[in-house]
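The values are calculated or read from the model by the stated rules, or taken from the named source; none is laboratory data. As the structure is a prediction and not an experimental result, all values here were calculated from the model. Remember, those area values only see protein heavy atoms, side chains included, never the ligands or the DNA or RNA. Shrake-Rupley method; radii C 1.70, N 1.55, O 1.52, S 1.80 Å.
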Amino acid sequence: MSNDIERGDQSHHTYGEEITYVAISPDGSIVATFNPYGSSILITKVVTSEAPTNEKTEIRFDRKNFFEKVPSNILGWSLAVSDIVGTENNIGLIAFSCITHEDMNSMSGILTRRRVLYSNKIVRYYPLYVGIFTLTDTLMPFGFDAILTGFCALVFCNNYACLLESKKKILSDSHSIRNYVTNKEDLQKLPNFGKGVIKLFKFSFDNINNNNANDDTIGNANNNDGDTSIYKCGFGGAIGFIKNSRNPSNCATLICMNCLEVQVIYTKLNKLNIIACEENDFILPENLREELISVNDAYHNWKYLLKSRYQEFLMVITRNYQQTPYIEIYNINTSQLVNNFHGCCGDEDFLDLNNNKPGIFAISTDSRLFAYSYGDNIITIYLMESGLEVVSKKFDNVYKIKFLEFIKKDKQLFIIEEDKNSDVEFHIWLMSGCLNDYFPISRNDITLSDNDISTLSEYDEYYHALAKANGKIVTLEKYNEDRFKVLSDISIKAAIFGENDNIIDEHMHEYYSYYSQDLEPWNKNFYIFGRFLNNDKRFLLIFGRNSIQLWKSKSQNFKDFKDFKNFDNSNLVYIFIGGTKPMRGYKFQIDDDMVTIITHACESLEYLYNHKHVKGIKSHKKFVNGIINIIKDFIKRYPDNWKLMEVQYPLMTYLIRSRSFPLIKHILFENAEKLHRPQNKYNILELALKLCKGQDAVMLAYLLEYYCDNSMTHVGWMINVTKILPELPANYVELLYYKPCFGGIKYNFPNKRFKELSFGENSLNLKVYMPLTQLKTTKSFSFLKYKIIGDEELHNIYMVPLLNFTTHDTKIEEKSRGKVKTILHWLRKALFPPNYKNLGDNELSPYLRIKKNKGSFFNVPVMEAVIISRWEQTRNYWMIPLLLYIIFLCSFASLSIYSDINFEFGYLSYFLYYVDSIIPDMINTGIFYYAGIYLLIIEFTQMKKYRAKYFTLFNIFDLCSIILGIIVFTLKLVKSPDETNTIKGEVIVILMTVTTLILWIEMLFWLRLFSNIAINIYIFGNILRKIISFFAFMFILIIGFGHSMLVLLGNPSLLKLSPSASTFTLNNGTTNFTLTEESPDNPFGTIWDAIISTYSWNTIDLNSYNYWPLKLFAFFANIILVLVLLNMIIALMNDAFNKAKEDGKLGLLMYRSELINDFERLNDPFFSELVYNNSNDSPYICFYRNPDLMKKWITKSQELKDTKLYSWYNDNVDEEEITFDDGVDINTWYTFITSEASQNSTSSSSSTPDHLTLWF
């Protein structure tokens, strides 16, 4: 290989090393080769059944005119080719990038693609941006964060205008501030930090507008006449086209990675023109970025990035705070973290970060399986959707694994290995779970020469000569790099177990008929036939009406056909039920060794369950036992093979449908190995939920218990529980909520950067965090809200066990509109509240669909964390209606002030006042009606959406308060000053008085957006509910005493109860005057006076009555009403307050949950990206676990820890139906088919012992 360019000796390699680069399109249909010292780029269609001929085309390349000035330190080149984006004209795209040292060395001061062109004013205002975001977090509880965010946006826009004028460069922290080039002139004025270049070209296999010999060659980056590129950029890095999820038919997505960020370029075909659109730049994941920075070696970083990406997936190797190895996978298309994968902690060499190597990985074409090897002799298979390990396999005869790729529709894993002698070997690992799953591949099978083998053995150096995509592998020939080979359909030589042709022909006449009642009890009486397998009297092959059975004698060989007594002297080793009747000349064969045997056994169990109502019920049960013994024995001997089978085939689905309760329990709980993995493709939890009736419900209980128990080690176990949680029966949910995982799963992921969602005014006292799971765009400041949490605090960070519990697809496809309709559409969105999404319940997140039971849901710690995680953006939205209601209330209040002035002055003064303030009054009136209509639309929209569920006490009060305010405001507005209108001013004043009180009470209800006020409101309501019965008791007692006093004082003449009038003597110095006070009024003259006087008993003076029975009655009334009742209500209020304070938190959570439920059903509120923070849509929700806040839940969880979800089920119910025969040894069955297959096998694996090898 040529000398490394970064190690000097560049004099003869101005444009990098003289090597050929190869690239393959994402779907594997096109291969491109390029040499910087050549004159063209060769593009070739791969030969397939759809494209039988090699179509080729070229694009001319002139390296001398490629640069305006050739960089002095070119590191190398990167090549990428797209799929066909224009099927009519066979149009595709090709891109290549020149990479310099600065592009791959962060210490060179690179500012990334579309370089930073911030003016000095931007730098000067950067602390202001940070300060505003900090202030936003501080004032968030008071609802001012949206206003401050808007102010920050205005300041930024102002500074951006200055940016376009100044065009001054600055040096900045490459981890935080980013910006972008706005036009081609900016590109020329960039400082020479990274001098690489990307160019994008269009090609066609129909030679339409190609850069062929008849066209001008590729020119320089200044868009001269010779430059035929459709897009170019001053950014160098490892490039590649990826699968585009937007519109695969006419779009292509190109990505470019350097040591700091990922640039994504979206292109779209428009007839014959390609429009390039720079969509976004993303900062590399922090762990990957730090790894590249720590090395400070451009060549190393380049290779590291090449090995870290496959298609749209970016892999990051790291450790968590406990030094546990972890693998992160990001999807560049969605900029989201796909999953975290635990490293193999049992092997110390699994991950050695000191070696600065990312390892070897492959992802299946359907993105379900992820294969990883650090480069040693261990390969681990994971499920992408859950992050769970399926199986980890160690290959004893392998020293190093160099390359991995899924081929043959993900059924095989192609492996390039190196032994201790540095010789290259090729193997195929079958992903089906069969016993003999590891096949050596000879060089002749893949038609590679010794030179090709040498290239593959040094893949780290010859990285340019090997590419892979969509199950195809492309390699360049070492001494003829213009030629390449495609490896895709690699055949393996494997024997098929079954009957030999010569024996079939020789013994065609040797059949024996059996009565079907014993061998096919599920069918009516029918004679079936059998023969010895390959004339071996140990095995009898039975062909039934719709089944094929293979029986093995228990002790000695069968003497003859009559010696076969089915289960009495034989073991069932294979059965398939459900097929058509085999003909007499049928040749019995098994193509996929134990995969076929086990899948057929599971299918047969389902068939037997569906045909269980038969006459020969005992024979029927024996067949069930025999089939289960086949499955159980295989699981016991080969658990890893079962795991792979269970991932690739719906085995558990068959067992669920067959109601094999004990076998399901055996698989889930009675093995040291965790044999079952949850997966979306075969979601057996949904199936178990559909069958949840009677005793069949135990299958759902088994699965829920199994997932919850295992989830404490990895949150991925709960992916299917999240989906079915809203549909779970209440009796399951009540117990499920007190499983340990619902107290939180210990956070053990490697990411230490979190955004705290707990607010300063938050009375819930629960700290909630959202981990950074996105690739942050370089245009956004949102990353400033994410802070690193230290290892000490991370020990107490726990995760909600429900992945994607609050996320769903919120985007609704917009209809195409004309200009006028578009303007009206946006005016409607800006001026009026949004409508609701036209989505069914199944399209909403599980959180929105789940039934929120007051007694259980809101008492679960993780559900409290979920509510807090969704509250920020919900509260930001509801601050707008709150602001409008404040305006509505203030406008109404101003009317009452004007009313006082208008009544106080005469008509002329009123008129002058009206004329003088007509404009403010009109504005006030307009604002009042706008706010009122806005709020009414919200209420009517909710009424239409929720129908009968809308009519709650609070909602009715909200609606009535707004309607009443508008009516009273309108009545006062239309009332004339002379009051000749039929509506009297007195009535309006009373109405305004009542309405004002109602509106201020409604204001209190709106302030429930703030937790402290909300809790006080709920405390008041709870106290009122708790003491309402006491008030009824007290009121009846008061009525009783009042009525008694009314009767007693109602006949004063009979009882001589006339009160004596007080007399006073006045002396003026000469004469004495006697003054007599008027007789006091009877405070109990009417029933209403009696009740009111009794309520205010301690303020009544009865000394004017000299009737001793009255005074005695008053004494007892005073003891009961004042002394006893008053102290009772004080004690009751104190106790009620303490209980209401606890329930106040529950009320707050319920209220927030209602608002969240309503907000997340809205269709794209206006200013949603600016005001409503959507960055909280993370699959993971974390919280700081404080045992003091979880005492009640922890106590109840401890009480129920020994209670299983399936405790109600009697395990002995099917003891007679299904029993396991542990004494049966069918090892000779494996030995038989092994020896039989080995005789016909043309190749064998030396790494597998003979007695465990099963050829097929």
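Structure notes:
- Accessible surface of the stretch 387-444 [probe 1.4 Å, protein heavy atoms]: carbon and sulfur percent: 40
- Taking all protein chains as they are arranged and a probe of 1.4 Å, the heavy atoms of HIS600 leave approximately 40 Å² accessible to solvent.
- Note that the stretch 1078-1127 presents 67 Å² accessible area per residue, ligands and nucleic acids not counted, probe 1.4 Å.
- Using every pair of distinct Cα positions in the stretch 512-682, the Kirkwood expression returns a hydrodynamic radius of 16.8 angstrom.
- Summarising the overall dimensions of the stretch 648-768 from its C-alpha atoms, the Rg and Dmax are 17.0, 55 angstrom.
- Two-decimal log10 I(q)/I(0) for the stretch 312-438, as the Debye equation yields it once each C-alpha is a single scatterer, q = 0.12, 0.21 Å⁻¹: -0.44, -1.34
- Long pairs among LYS195/LYS468; LYS665/LYS739; LYS408/LYS636; LYS851/LYS949, criterion Cα-Cα beyond 21 Å: LYS195/LYS468; LYS408/LYS636
- Solvent-accessible surface of the stretch 540-676, averaged per residue with a 1.4 angstrom probe and all protein chains in place: 39 square angstrom.
- Sequence-distant residues sharing a close amide H with ASN1082 (under 5 Å, placed H): none
- Rolling a 1.4 Å probe across the protein heavy atoms gives the stretch 312-438 an accessible surface of 32 Å² per residue.
- The lysines whose alpha-carbon is closer than 17 Å to the alpha-carbon of LYS944, local same-chain residues fewer than 8 away aside, are LYS837.
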